[in-house]
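**Student:** Next up is a structure, given as structure tokens.
The values are calculated or read from the model by the stated rules, or taken from the named source; none is laboratory data. Since we're looking at a predicted model, the values are computed, not measured. Virtual Cβ from ideal backbone geometry, glycine too; neighbours counted across all protein chains shown.
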Amino acid sequence: MGSSNVKQITLFIKHSKKGEMTLFIVYVDDIIITGDDEEGIGNLKKLLAREFEIKDLGQLRYFLGMEVGRTKEGIVVTQRKYVLDLLQEIGMLGCKLVDTPMDPIGKIDKDNDSHPTDRDSTGG
């Protein structure tokens with residue numbers, strides 16, 4: 001059959017008797033342990049440490065190329081670094097910002113086609 005290119009992220013949820021939750025999210029060798037059950041989180045970390053060499057990175061900041069932050073309103077997930085790296089790679093890091101959707105009466109540079117771009121890597 002050959003190998004499959006399917007990406008799988010696995011989520012395990014454990015509910016405590018007090019109604020608290022521990023969430024365990026796994027993608028290859030990247031893991032997030034979170035929830036409102038501090039005791040459950042601690043127990044899961046101890047269990048994993050007995051079986052595997054693990055490294056607790058503390059508060060989640062990055063996961064699978066996404067930046068994760070907290071605000072008063074909740075959690076913010078962005079791909080800012082990915083976008084900046086992509087803009088650098090295609091030579092558009094210093095480009096002029098425009099509103100989205102684009103201004104309908106905006107002007108297009110007459111030399112717009114003078115710089116070919118790899119459309120396969122920049123298209124959606």
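**Student:** Any residue in region 63-71 that is among the aromatic types (Phe, Trp, Tyr), part of a loop (DSSP other than H, G, I, E, B), modelled with pLDDT of 85 or more and under 24 Å from Leu11 (Cα atoms)? Step through it out loud before you land on a result.
**Tutor:** Narrowing region 63-71 to residues among the aromatic types (Phe, Trp, Tyr): 63.
Then drop every residue that is not part of a loop (DSSP other than H, G, I, E, B), which leaves none.
No: region 63-71 contains no residue that is among the aromatic types (Phe, Trp, Tyr), part of a loop (DSSP other than H, G, I, E, B), modelled with pLDDT of 85 or more and under 24 Å from Leu11 (Cα atoms).
**Student:** For the subset of region 15-30 comprising residues that are part of a loop (DSSP other than H, G, I, E, B) and closer than 27 Å to Lys81 by Cβ, which member is modelled with the highest pLDDT?
**Tutor:** First, the residues of region 15-30 that are part of a loop (DSSP other than H, G, I, E, B): 16-20, 28-29.
Pick out the ones that are also closer than 27 Å to Lys81 by Cβ and you get 28-29.
Values: Val28: 87, Asp29: 83.
The extreme case among them is Val28.
**Student:** Right, here's the next one. If I ask for residues that are in a helix (DSSP H, G or I) and either among the hydrophobic types (A, V, I, L, M, F, W, C) or under 19 Å from Arg70 (Cβ atoms) (or both), which ones from region 31-46 would you list? Walk me through how you get there before you give the answer.
**Tutor:** Keep residues of region 31-46 that are in a helix (DSSP H, G or I), which gives 38-46.
If the condition is that a residue be in a helix (DSSP H, G or I) and either among the hydrophobic types (A, V, I, L, M, F, W, C) or under 19 Å from Arg70 (Cβ atoms) (or both), then Glu38, Ile41, Leu44 are the ones that fit.
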